[in-house]
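J.: Please find one structure pasted underneath; my questions will follow.
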Amino acid sequence: MFTGIIKAKGSIGAMEKRGGDVRLRVTATELPWADYAVGDSLSVNGVCLTAVHLHDDGFDTDVSVETLDVTTLGQLESGDAVNLEPALRVGDALGGHLVSGHVDGIGKLLSRSDDARSIRMTFEAPDELARYIARKGSICVDGVSLTINEVSGNTFGLNIIPHTAEVTTMGSYEVGRAVNLEVDLLARYIERMLGNDASGLSMDFLKEHGYA
């Protein structure tokens, strides 16, 4: 599990094709790589990956054909910047929201504009994800935990504060950028409990099942 609070910006050191899938090398100078071990999970642009080899300045990981098909990782090139977050450990603070690292779909940046010192961004999500996206709810974009400002159909707006723009890759995003999206886990669990029928949803229901 992750929180969507990015710990470092890294970069793609190399992408080596191996029998249809890819061996990816990620480098970052801000993380204490001596504290990690082979087999540890790390989020790369919101995708949970397993470290198969560690270096002084990063790690190698294998990216399957399935992951390449359903995320933006296959679009990366050597030198591209990425958002990094190691998996949660016992006692770590939960500063964002619970994130699994399993991407639900690929979205697209439709617009960006300055709003005082922040950046307003509007994204398009796949139609099948629209029902999980709610105003003031949480969403994970390329591994970053964010609060949704507004929703219209399958589009949603975000406010990127200066700190987020600086410590993640989002400050450099241009219109048309493809991004990895993971919707809020609670939205999926509530849908499952309701049997895909939200007509019985109420505050009493949420309290009874520990969500409020």
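The values are calculated or read from the model by the stated rules, or taken from the named source; none is laboratory data. Predicted model, so just to flag it, every value in this text is computed and none were measured. Every residue, glycine as well, gets a Cβ built from its backbone with ideal geometry; the counts of neighbours run over all protein chains shown.
J.: Within the range 93-114, how many residues are surrounded by 13 or more Cβ atoms within 10 Å (Cβ to Cβ), over 15 Å from Leu185 (Cβ atoms) and at pLDDT below 95?
T.: Residues in the range 93-114 being surrounded by 13 or more Cβ atoms within 10 Å (Cβ to Cβ), over 15 Å from Leu185 (Cβ atoms) and at pLDDT below 95: 0 in total.
J.: While we're here: Take Gly74 and tell me if it is at pLDDT below 95 and touching a helix residue (DSSP H, G or I) at 6+ places or on another chain (Cβ under 7 Å).
T.: Here the answer is yes, as Gly74 does meet what is asked.
J.: Separate question: Run Asp56 past the list (1) free of Cβ contacts under 8 Å to residues at least 24 places away in the same chain; (2) closer than 19 Å to Val167 by Cα and report the number of the one that doesn't hold.
T.: For Asp56, the exception is condition (2).
J.: Moving on to the next point. Working only within the range 123-152, note down all residues that are over 16 Å from Ile5 (Cα atoms), in contact with a Ser or Thr (Cβ under 8 Å, 6 or more places away or on another chain) and acidic (Asp, Glu).
T.: Listed by number, the list holds a single entry, Glu124.
J.: Still on this structure, please answer the following. Out of the residues in the range 44-65 meeting the condition of being over 18 Å from the mean Cα position of the chain (by Cα) and surrounded by 22 or more Cβ atoms within 10 Å (Cβ to Cβ), tell me which one is nearest to Gly10 (Cα to Cα).
T.: It comes out as Gly58.
For every residue, the table says whether it meets (1) out of contact with any Phe, Trp or Tyr (no Cβ under 6 Å at 6 or more places or on another chain); (2) acidic (Asp, Glu).
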residue	(1), (2)
Ala51	no, no
Asp62	yes, yes
Leu88	yes, no
Gly105	yes, no
Arg117	yes, no
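J.: Right, something else. So which of Glu191, Glu182 is at pLDDT 95 or above, surrounded by 13 or more Cβ atoms within 10 Å (Cβ to Cβ) and farther than 17 Å from Arg112 by Cβ?
T.: Result: Glu182 is the single residue among Glu191, Glu182 that is at pLDDT 95 or above, surrounded by 13 or more Cβ atoms within 10 Å (Cβ to Cβ) and farther than 17 Å from Arg112 by Cβ.
J.: Then there's this: Listed residues Glu150, Glu166; which is more than 16 Å from the chain's Cα centre (by Cα), of a type outside the set (Ser, Thr, Tyr), not in a strand (DSSP E or B) and not assigned by TED's automatic domain parsing to the domain that holds Gly74?
T.: Just one listed residue meets the conditions, Glu166.
J.: Which residue is surrounded by the fewest Cβ atoms within 10 Å (Cβ to Cβ), if the candidates are limited to the range 24-43 and must be aliphatic (A, V, I, L, M) and closer than 19 Å to Asn180 by Cα?
T.: Among them, the one singled out is Leu24.
J.: So which residues in the range 153-163 are β-branched (Val, Ile, Thr) and within 23 Å of Phe2 (Cβ to Cβ)?
T.: Listed by number, the residues that qualify are Ile160, Ile161.
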